[in-house]
Amino acid sequence: MYRKKPDVDIIKDLLELTLVAYPASVFIKSLAFQYEERGGLSKKQLEGLYKKAGKVDTIPANKLATLEAVILKRPTRYKSALPENTPLYTKDLRTGQLITAILEKYPQHKRVLFFKTKYDNNELLSSTEVAEVERFHKLLR
């Protein structure tokens, strides 16, 4: 993280002052540990620190204002909405109509019965199988 003046660290000062005010706060301890380990905090963590530090009377207003400016400078991340679930397989209605038309005339046709079970189980019919169904339908006329 690049800072203009490395000797001035407002976030570290605020963490220390809030830790003095709330010595038993696990939240502030975890923020201080993460700031030391990673060198920075997320926008949400900084907002939580700002709310905690705003309750302490001994913290100067200029440090809170600087923290607020740092928070406002950070980008806000939004999660996009999940896309709608679409079915993996959509039935070809024309093929289904051809299969039922063939089976109305010849209900015991074994090959077309096989295609019907594949069609009913939402399995994909290959292009050769679809061509075969169409050929059977042409023979019916």
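The values are calculated or read from the model by the stated rules, or taken from the named source; none is laboratory data. Computed from a prediction, not measured in an experiment: that's the story for all the values here. All Cβ positions, even for glycine, are placed from backbone atoms using ideal geometry, and neighbour counts span all protein chains on display. We work out accessible area using only protein heavy atoms, side chains counted, and drop any ligands, DNA or RNA first. Shrake-Rupley method; radii C 1.70, N 1.55, O 1.52, S 1.80 Å.
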Filter result (over 37 Å from the mean Cα position of the chain (by Cα), touching a residue at least 12 places away in the same chain (Cβ under 8 Å) and open to solvent by 60 Å² or more (accessible area, probe 1.4 Å)) within region 107-135: 111, 116, 134
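Inspect all residues belonging to region 74-85 and state whether any of them is charged (D, E, K, R) and within 16 Å of residue 10 (Cβ to Cβ).
The initial filter retains those residues of region 74-85 that are charged (D, E, K, R), namely 74, 77, 79, 84.
Checking which are within 16 Å of residue 10 (Cβ to Cβ) leaves us with 74.
Scanning region 74-85 turns up at least one residue that is charged (D, E, K, R) and within 16 Å of residue 10 (Cβ to Cβ).
Among the residues of region 55-96, how many are closer than 16 Å to residue 42 by Cβ and open to solvent by less than 100 Å² (accessible area, probe 1.4 Å)?
To start, the set of residues in region 55-96 that are closer than 16 Å to residue 42 by Cβ comprises 67-68, 70-79.
Those left that are additionally open to solvent by less than 100 Å² (accessible area, probe 1.4 Å): 67-68, 70-71, 74-76.
The total comes to 7.
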Cβ-Cβ under 7 Å pairs, at least 6 apart or on other chains, region 50-66 side without any contact (Cβ under 8 Å) to a residue 60 or more places away in the chain, far side among the acidic types (Asp, Glu): 50/68; 63/13
